[in-house]
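For reference, the structure I am asking about is given below.
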Amino acid sequence: MTHESHDLHDRPPRRDQEEFCPYCMSRVAAGQSCPVCGLTQGAYTPAPHHLPLGTVLAGRYLVGRALGEGGFGITYIGCDLRLEMKVAIKEYFPVDRVSRYAETSLAVVSRVGTASQDYDQGLKRFLYEARTMARMEKQPQIVMVRDYFEANHTAYIVMEYVEGTNFMQLTAQRGGRIAASELLPLMKPLFSALSAVHAAGLIHRDISPDNLMLERGSVRLLDFGCARESARGTETMTIALKQGYAPIEQYQRKGQGPWTDVYALSATMYYCLTGKVPPQSLDRILEDELIPPRDLGVDLTEEQQAALLRGMEIQPRRRYQTVEELHAGLYGSVPGAKAISPAPSSSLPEQTAESPEEPKEEPVPVPDGPSTAEPVLEPPATALARFRSWIRDHRRISIAIGSGAAALVLLLTAALSGVLFPAPPEEDLVSSAGNSPVSGTENVSLENAPEPDRDALFAEAVTVSTLEDFRSALTDGAVPAILCEGQLALQEIQDPSEQMEITKPVLVSEGCELISKGALVLRENGVLWMEGSLAGQGCLYTDGGMFVADKGSEIHYTLCLEQQTDLVDYGAEFFNEVHVLTAPDRYAEAVTVTNGQEFREAASRSYTKAIRVDGNVELLSDFSVSVPVLITENGSITVEAGNHASLSTTNSLLNYGTVSAGLHLAGDGAQLANYGRIEPAGGELWLGDLPDTGTKAAVNLGTIFIDRYSVIFCDFLNIGTITVEGEFSCLGLDQANWYNYGRIEIAEGHVNAGSRRFYNNGVLLVGGDMELAGFLKNNGNLTVTSTGRLQNRGLMDCYDYDHFLTIEEGGSLDTEGGVLVTRTYSKPSGEITGDFLQVDFSAIDGLESVKATAASAQELLDALADPGVEAVLLEGDITLSEDLRLSKAVYVQNGSSLTLDNGATLTVSDAIFCVNGALTCDSLTLENGAMMELIGQWVCGEGTGSARITGNSWLYTRSSRLDFTSLSLEEGSTAIYDPGEGQELSSVLLSGGSTLVYASPEASAAQFSLTMDENSRMLQLCDFTVQAGTFQLNSGSYWQFGNLSLGQVQMTVGEESDLISFDALFTLGPEAVLDNRGAVRSDQFHELSTAWIQGTLRNSGMLLLSGAVLEGTLDNQGTIYSCYDYYPITLSGSGKVTGNTTVLLPEQWST
């Protein structure tokens, strides 16, 4: 019996359809067993929802047995009756969205409500990627799409049918391992094929040994053509990932790209080489038990192993970003091997008008309560997203979107089912860069950028090698172009309050370094051509000009491009973000409106792609829009006096005009570029939501005026002017990074800087109150005026010489609770309350007559013994086998090293020790007011070194490699610990009023022990995950500015101690215990950042909460205070409170 598709019957069924075996599609006589597979048709009974045997689709494709079924669809073996060729047929059939009883109808039936909408959305994705794959150039290693069509209220993709042995089976056939000498040549052709696929905007997302086939000696990659499906409404996401081969970003809602396939491909090769399935990526976050292949006897070179392991890096940013990079790492060291090049964009035919049918992403709903699965310790970012998603849902904190209300948050711990999801190019208004120049947008190429003529631009260039000549040439109209040589430190001639303008071609030649910590702007006719390096962590933005990054150049700068074609990249290396601000294509089909009525009508139409405001739009009440909005110079969004209405958007806002209404911009894809004026009169400015919802960075090149309560959660780049003024003005900079290259003036009111990092490279004027609860790096002008008050609770880094810190008479800088570091020749002017760390480098930077250079061990010892020498500069590599004591300034220059072997110790007493090169020793002591600055690296011979800092000494590490694991601080000493890489710090002892500042961006420890005595302090600026250990706070303060996540940890807060969380999440894991006998408090700017208690909290002291989710046990024998006028504890799962359940609200505190 045959079944004709109900929807497509353009070709009648053939009379000899019964002659094909439903199992293998070989020819078979009617009623006989198949001569190939030996089976008979009657031996197979399809599931009720599967297509019956003999069904013909599109009048051409005969359906056989089901080969497999996943959460999103069913795969059948089939036969192309026209070509008499075996095929694989994929049917879109999301089991949780549709149903079918094939005996009565072949049509699928979707469920009602949101499930029906979800099904339609997924169906469009399925067809979109089928179309994209079908248009691609054929890649022999990729199973390609032959046909696609709709039928039976669903869709089908017809693909090649591959017969062979999958790599899971092949590994078993080879005795459990495939030799590297066999595997590497087999896999090599796959790299170029994947490169072409990635260039077309597609990602496989399911590379694994059972999706790789060996067919006639060649590797074939299966399962392209699978659509991913997103969940909507109140239902949860479906996760269908292969453990061991799926990287961590596939357990999240975003962040996937070619690097996702890099991980899966590397993990697949790891399995084939070792016979071991790699540990699940989520498990590796907590404890990475991945065994290097060479340790298992695999015949890889060290370089090949390093490449494979880098391809399996847990964090996407540390991983190879492309298959080209992985290929170069694996095959670059093989004689005769050549690295592949990225596939040209021409591999994907030009898109037609109907191509961009990729449905827009929508916010994923918050599930009804946290997962019931056994809780595990998560990294801070994941824990923060999951917790905040849950709590926002339960507290009903939401922002209106369109006609309804939805929590603008994504559940990052959920992942989409399916394998392949196309990522068609989409220009982001603001995008962050990884290794590629512009991440999140179509990569800039020479095909879509005007190619400048280097020879013509610089044919008459004037060569400069000094700052004076450079400045003169910039303003000299007779100089047509400039060629820079040597090193030019622009900050010596550039006032931080001013932006240096380039209006003519400037070439920074190879070997030349252009250094600036301020802002450079490329105006009309301005071209900056980099062959050397652009350094100093400044900012460059284009305003009619162009930036050319030549091959080999290094860009340590933040770039803000007016449009994407302002950057021409010939293969430079980018270390900072690249932001594209205007993205004109985004507004190409915008609807122009000139008043409020037209604006509301345009926003309500489902087909509106963008809105262009070219007149005054007056808001009568709060209003939401989900499409991009462009406000022209003639446009404005306003409210009447006394009206506090706000505009909410989850998309991009590009403003050249005026916004005087309140502004809420939050959610996945929300982004802001302001060239005009934003002054939310009577309203609030709310940029970003909780920081893990996907809000992109905001950029201000205009003016922002704040006079009411406002919060900025997202990364913020200011090149314009921001003013905080007004009796009720209050601005919270929360849990993000701030970069100021313009002017920020706090005229009055309050600013709470709870940001992760605040980089001031411009002008910051504090005339009101500013509280720093995090990290501030001052490279510009920071002034506390006569009416200002700056309270530092975190770390103020005023160490570098090219900054200004001024406290005017009447103003105050209070740093008693935090740490301030500076140098003598950049000493702050004005009165400072509290101690600050200050170093005098005059001995090293002073007269040559009192300095000596040592290039050998004997020269070093002689110089140390010479009373006429005040400082010693080390050149070359020096090794000592005996203990070394330094009592005068010693500087290990860049490229030099000092090694103490055979267990020899190093002691620095009442002197400065600066390491810009390398130090190797197992034991270091700083005493009697010594100071050590570490810019290079400190390597311990045994990998378990120790540092003891005593007698008011201090250690300052600056993103260095640090191998010591034990740290002891005594007698009022301080350490600023910022490891760029190296061993984990596992043991810390603080006593005698000492302070440890943990300053790295993020940190983790498998085992960590902290003991705090005698009124000592620890300032945790980073996100910190501890899997196991103890925190013994006998006497002192632990101040938490980054997220803290504790696994099998016992934490005791003594009666004379406190644990304070400043705008950060505190997570007590299921096996953790917190015994509070002193004070634990949540010092939050708002109620959203709080505590998550999964383990046991025993309170016999004071507990002050702004809000906590309790999944474990709270045994209260002390006092609980609430920061707000509601009960601060939300019970979840088996969470319970025992003992005294009374909570004192703010009005009850006095009693």
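The values are calculated or read from the model by the stated rules, or taken from the named source; none is laboratory data. Just so it is clear, the structure is predicted and the values come from calculations on it, not from any experiment. We place every Cβ from the backbone using ideal geometry, glycine too, and count neighbours over all the protein chains shown.
Taking segment 1017-1048, which residues are part of a strand (DSSP E or B) and of a type in the set (Gly, Ala, Ser)?
First pass over segment 1017-1048, keeping only residues part of a strand (DSSP E or B): 1017-1020, 1023-1040, 1044-1048.
Selection gives Ala1028, Gly1029, Ser1035, Gly1036, Ser1037, Ser1045, Gly1047.
Results for (1) buried (at least 17 other Cβ atoms within 10 Å of the Cβ); (2) not assigned by TED's automatic domain parsing to the domain that holds Val98, shown as yes or no for each residue.
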{"residue": "Ala151", "(1), (2)": "yes, no"}
{"residue": "Ala155", "(1), (2)": "yes, no"}
{"residue": "Ala172", "(1), (2)": "no, yes"}
{"residue": "Glu182", "(1), (2)": "no, yes"}
{"residue": "Lys188", "(1), (2)": "yes, yes"}
{"residue": "His198", "(1), (2)": "yes, yes"}
{"residue": "Ile203", "(1), (2)": "yes, yes"}
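On to the next question. Which one is farthest from Ala179 (Cα to Cα), of the residues in segment 279-305 that are surrounded by 16 or more Cβ atoms within 10 Å (Cβ to Cβ) and of a type in the set (A, V, I, L, M, F, W, C)?
Top of the filtered list is Leu286.
In segment 1049-1058, is there at least one residue being in a strand (DSSP E or B), under 22 Å from Ala753 (Cα atoms), modelled with pLDDT of 90 or more and of a type in the set (A, V, I, L, M, F, W, C)?
no
How many of the residues in segment 18-60 are farther than 30 Å from Val95 by Cβ, assigned to a loop (DSSP other than H, G, I, E, B) and in contact with a strand residue (DSSP E or B) (Cβ under 8 Å, 6 or more places away or on another chain)?
Going through segment 18-60 one residue at a time, the tally reaches 2.
Something else now. Which one of these does Asp862 not meet: (1) touching a residue at least 12 places away in the same chain (Cβ under 8 Å); (2) more than 19 Å from Tyr956 (Cα to Cα); (3) of a type in the set (Asp, Glu)?
(1)
A quick yes/no check of all residues on (1) hydrophobic (A, V, I, L, M, F, W, C); (2) surrounded by fewer than 22 Cβ atoms within 10 Å (Cβ to Cβ); (3) closer than 22 Å to Gly596 by Cβ:
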site	(1), (2), (3)
Ile637	yes, no, yes
Arg677	no, yes, yes
Ile704	yes, no, no
Leu717	yes, no, no
Cys730	yes, yes, no
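Turning to a different aspect of this structure: Condition first: closer than 17 Å to Met931 by Cα and in a loop (DSSP other than H, G, I, E, B). Now tell me which residues in segment 965-985 satisfy that. Show your work before the answer.
We begin by selecting, within segment 965-985, every residue closer than 17 Å to Met931 by Cα; these are 967-978.
Result: Glu970, Glu971, Gly972, Ser973, Asp978.
Just checking, which of Glu1056, Glu1071 is in contact (Cβ under 8 Å) with a residue 12 or more places away in the chain, more than 19 Å from Trp1149 (Cβ to Cβ), of a type outside the set (A, V, I, L, M, F, W, C) and in contact with a Ser or Thr (Cβ under 8 Å, 6 or more places away or on another chain)?
When all the criteria are applied, what remains is Glu1056.
Can you tell me which residue is surrounded by the most Cβ atoms within 10 Å (Cβ to Cβ) among those in segment 1121-1142 that are at pLDDT 85 or above and part of a loop (DSSP other than H, G, I, E, B)?
Gly1135
May I ask you to list the residues in segment 951-977 that are of a type outside the set (Ser, Thr, Tyr) and modelled with pLDDT of 90 or more?
Correct list: Gly951, Asn952, Trp954, Leu955, Leu967, Leu969, Glu970, Glu971, Gly972, Ala975, Ile976.
I want to confirm something. Restricting to segment 991-1032 and keeping residues that are within 23 Å of Glu816 (Cα to Cα) and touching a Pro at 6+ places or on another chain (Cβ under 7 Å), which single residue is surrounded by the fewest Cβ atoms within 10 Å (Cβ to Cβ)?
Among those residues, the one meeting the criterion is Ser1000.
Here's a follow-up. Scan segment 906-939 for residues that are under 31 Å from the mean Cα position of the chain (by Cα) and not in a strand (DSSP E or B) and jot them down.
Asn916, Gly917, Ile935, Gly936
Since Leu1065 meets every condition but one in (1) under 20 Å from Ser1134 (Cα atoms); (2) at pLDDT below 95, which condition does it not meet?
Looking at each condition in turn, Leu1065 falls short on (1).
State which residue pairs qualify: first residue within 11 Å of Tyr1126 (Cα to Cα) and inside segment 1138-1150, second residue in a loop (DSSP other than H, G, I, E, B) and of a type in the set (A, V, I, L, M, F, W, C) in any location, beta carbons under 9 Å apart, and separation of 6 or more residues or different chains.
Taking only residues 6 or more apart or on different chains, the pairs are Pro1146/Cys1123.
Restricted to segment 951-964, and to residues that are assigned to a loop (DSSP other than H, G, I, E, B) and surrounded by 20 or more Cβ atoms within 10 Å (Cβ to Cβ), which residue is farthest from the chain's Cα centre (by Cα)?
The extreme case among them is Asn952.
Right, next: Could you count how many residues in segment 613-625 are within 34 Å of the chain's Cα centre (by Cα) and buried (at least 19 other Cβ atoms within 10 Å of the Cβ)?
Number satisfying all stated conditions: 4.
Hey, any hits in segment 837-856 for a residue that's out of contact with any strand residue (DSSP E or B) (no Cβ under 6 Å at 6 or more places or on another chain), among the basic types (Lys, Arg) and either surrounded by 15 or more Cβ atoms within 10 Å (Cβ to Cβ) or not assigned by TED's automatic domain parsing to the domain that holds Gln791 (or both)?
no
I want to confirm something. Restricting to segment 757-781 and keeping residues that are surrounded by 24 or more Cβ atoms within 10 Å (Cβ to Cβ), aliphatic (A, V, I, L, M) and touching a residue at least 40 places away in the same chain (Cβ under 8 Å), which single residue is nearest to Gly1042 (Cα to Cα)?
Ala773
Step by step: first the residues of segment 123-149, then only those that are free of Cβ contacts under 8 Å to residues at least 60 places away in the same chain and out of contact with any strand residue (DSSP E or B) (no Cβ under 8 Å at 6 or more places or on another chain), then the one that is surrounded by the most Cβ atoms within 10 Å (Cβ to Cβ). Which residue is that?
Gln139
Still on this structure, please answer the following. Mind listing whichever residues of segment 857-891 are in a loop (DSSP other than H, G, I, E, B), small (Gly, Ala, Ser) and surrounded by fewer than 14 Cβ atoms within 10 Å (Cβ to Cβ)?
Scanning segment 857-891 gives Gly868, Ser881, Ser887.
Right, next: Among the residues of segment 533-561, how many are in a loop (DSSP other than H, G, I, E, B) and closer than 17 Å to Met500 by Cβ?
Of segment 533-561, the ones in a loop (DSSP other than H, G, I, E, B) are 536-538, 543-545, 550-553, 556-557.
If we keep only those that are closer than 17 Å to Met500 by Cβ too, we end up with 536-538, 543-545, 556-557.
Of the residues in that region, 8 qualify.
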